[in-house]
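Heads up, the thing below is written out as structure tokens.
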Amino acid sequence: MISPGALACGAVVGGGLFLLVRELLPSRPDMDAVLDRLENTTPRPGRAAPPAAAPAGARRRGQEGSLRERAGEQILATHGHRLSVPSADLELLGRSAAYHVGTKVLGSLLALVMVQVAGLLLTLAGFGLSWAPPLLASLVFAAYIWFDADATVRRKAKAARLEVRYAIASFLERAQLERGANVGPEAAVQRTAEVGDHWILTRISAALKRAELAGIPQWAALKQLGEQLDIPELAAPAESFSLAGAGASIQKTLATQALLLRQRLLTDREAEANSASERLVVPGTVLFTVVLIMFAYPAFSALTNI
């Protein structure tokens with residue numbers, strides 16, 4: 001006869017597998033997602049957006065209606081003031097706060113259940129385990145899943161911002177050429193954003209078009225996008241184009257900003273290379289110490305036994 005504990009264990013495992021398969025199965029496309037593809041918010045054919053920072057519209061439409069999205073909305077509605085959400089990083093990666101919170105909470109709960117189920121299975125198999133080790137392991141695993149979600153978002157956002165800086169440097173250089181060809185400031189910034197096929201340029205182009213429809217200055221939209229994504233490098237060209245709108249010449253200013261940004265990126269790369277070289281010293285030192293001990297110990301042992 002099957003014991004009640006085995007039945008409960010099987011029910012928990014079956015429920016977890018059902019939820020996992022339900023999340024992995026493709027869902028019916030949402031009408032908003034289909035309409036969103038008609039907007040100019042996706043990269044051009046031939047260049048897909050990187051997984052770390054896809055356009056916000058397409059990814060968020062795919063997240064709507066999911067279990068994690070619904071769970072995150074409920075949690076934010078009741079306990080949103082107690083949670084710290086990296087809004088700028090999520091906006092840059094194209095994820096909603098509800099989806100992120102739902103992923104953290106459901107992942108932590110799944111970690112708790114998995115460890116408890118594993119402990120129950122070991123107990124049913126005849127291993128004498130007390131309640132303390134599985135409980136402690138489940139709490140540690142759940143805490144790791146909770147904090148690792150934020151760490152993963154910050155790490156991906158950092159990599160995405162580094163990629164964005166290179167694109168903005170190219171954006172500044174092309175904007176300088178457009179202004180050198182006596183193109184107006186608004187037309188220059190719009191044409192510069194449309195030339196590139198990088199995902200940040202498509203977002204800049206979409207933001208400029210929305211600003212044009214809303215009747216606000218395009219450089220104000222550019223500055224707002226930089227603040228929204230926490231990319232200060234967008235604020236400098238926004239201020240420069242605002243000066244150009246007032247009649248000032250900004251061609252040399254754009255060239256200087258592009259040069260400074262390139263130099264800063266080169267300095268950061270050199271610092272990363274130096275840091276990696278310094279980290280390589282530690283394994284070499286440890287290996288040298290181990291080899292030295294291996295060769296020196298027999299001689300030292302022979303001398304002490306004389």
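The values are calculated or read from the model by the stated rules, or taken from the named source; none is laboratory data. Every value quoted in this text rests on a predicted model; they were computed, and no experiment measured them. FYI the Cβ positions are ideal-geometry reconstructions off the backbone, even for glycines, and counts take in every protein chain you see.
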**Asked** Quick one: is Leu112 part of a helix (DSSP H, G or I), out of contact with any Phe, Trp or Tyr (no Cβ under 9 Å at 6 or more places or on another chain) and aliphatic (A, V, I, L, M)?
**Response** no
**Asked** Would you call Gly94 surrounded by 15 or more Cβ atoms within 10 Å (Cβ to Cβ), small (Gly, Ala, Ser) and in contact with a Pro (Cβ under 7 Å, 6 or more places away or on another chain)?
**Response** yes
**Message:** I need a count of the residues in the stretch 84-103 that are in contact with a Lys or Arg (Cβ under 9 Å, 6 or more places away or on another chain) and either closer than 15 Å to Ile145 by Cβ or without any contact (Cβ under 8 Å) to a residue 12 or more places away in the chain (or both).
**Reply:** 4
**Message:** Filter the stretch 117-164 down to the residues that are within 30 Å of Leu261 (Cα to Cα) and surrounded by fewer than 17 Cβ atoms within 10 Å (Cβ to Cβ) and list them by number.
**Reply:** Asp150, Ala151, Thr152, Arg154, Arg155, Lys158, Ala159, Leu162, Glu163
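Regarding Leu260, is this residue surrounded by 15 or more Cβ atoms within 10 Å (Cβ to Cβ) and under 24 Å from Val164 (Cα atoms)?
Spelling it out, it is not the case that Leu260 is surrounded by 15 or more Cβ atoms within 10 Å (Cβ to Cβ) and under 24 Å from Val164 (Cα atoms).
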**Item:** Test: Val189 is within 26 Å of Gly94 (Cα to Cα) and under 21 Å from the mean Cα position of the chain (by Cα)
**Value:** no
**Request:** Report, by residue number, each residue of the stretch 291-306 that is among the aliphatic types (A, V, I, L, M) and surrounded by 10 or more Cβ atoms within 10 Å (Cβ to Cβ).
**Result:** Val291, Leu292, Ile293, Ala296
**Asked** Does Leu292 count as out of contact with any Asp or Glu (no Cβ under 7 Å at 6 or more places or on another chain) and either closer than 17 Å to Pro185 by Cα or in contact (Cβ under 8 Å) with a residue 40 or more places away in the chain (or both)?
**Response** no
**Filtered residues of the stretch 54-86 (kept if among the aliphatic types (A, V, I, L, M), in a helix (DSSP H, G or I) and modelled with pLDDT of 75 or more)** = Leu67, Ala71, Ile75, Leu76, Ala77
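Tally up the residues in the stretch 263-290 that are among the acidic types (Asp, Glu) and either surrounded by fewer than 10 Cβ atoms within 10 Å (Cβ to Cβ) or touching a strand residue (DSSP E or B) at 6+ places or on another chain (Cβ under 6 Å) (or both), please. Before you say what the answer is, go through the steps one by one.
So in the stretch 263-290, the residues among the acidic types (Asp, Glu) come out as 268, 270, 272, 278.
In the following step, the residues that additionally are either surrounded by fewer than 10 Cβ atoms within 10 Å (Cβ to Cβ) or touching a strand residue (DSSP E or B) at 6+ places or on another chain (Cβ under 6 Å) (or both) were identified as 278.
So the count comes out to 1.
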**Fill in**
Residue pairs qualifying under the 8 Å Cβ cut-off, at least six apart or on distinct chains, with the first in the stretch 180-208 being in contact (Cβ under 8 Å) with a residue 12 or more places away in the chain and under 15 Å from Lys223 (Cβ atoms) and the second being of a type in the set (Ser, Thr, Tyr) and part of a loop (DSSP other than H, G, I, E, B), are Arg203/Thr41
